[in-house]
Amino acid sequence: MEVNDPVAIREAGKRCYHQGDYESAFEYFSKAAELSDAEAHYCLSFMYRDGNGVGREVAKRLHHLEEAAIGGHPKARHNLGVYEVNRGRIERSETFHHRRQEWM
């Protein structure tokens, strides 16, 4: 695996995650996220949402979801839009929905 290849690092994290090795998955995803990999941020958001290998932390979940959305991840943008609707922030949710449409 290339030292600074975020895709290879993220994919190693996915393999670990699916094998139940959440600690290693977290390390791989964190490294790939440091290299600006949007999918890795998205994966970290789910780890924080579900509490797999980390504590359930809404603030960290949202941070990684936002980073993924900023990186162009369409599912992250959708999920943020849904989160904002559920919080009653319709105008903010439309911002995420509009950005999501630009990527589709």
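Rule-based calculations on the coordinates, nothing more; no lab input. The shown structure was predicted, so the numbers you read here are calculated from the model rather than taken from an experiment. Cβ placement follows ideal geometry from the backbone for every residue including glycine, while neighbour counts extend to all protein chains displayed.
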Pair Asp5, Lys75: separation of 7 Å Cα→Cβ label points (nm) = 2.3 nm
Which lysines does Lys75 reach when only Cα atoms under 19 Å apart count, and residues fewer than 8 places away in its own chain are ignored?
-> Lys14, Lys60
Residue-by-residue Karplus 3J(HN,Hα) for the range 17-33, coefficients 6.51, -1.76, 1.60, Hz, glycine and proline x | 4, 5, 8, x, 8, 5, 4, 5, 4, 4, 4, 5, 4, 5, 5, 5, 5
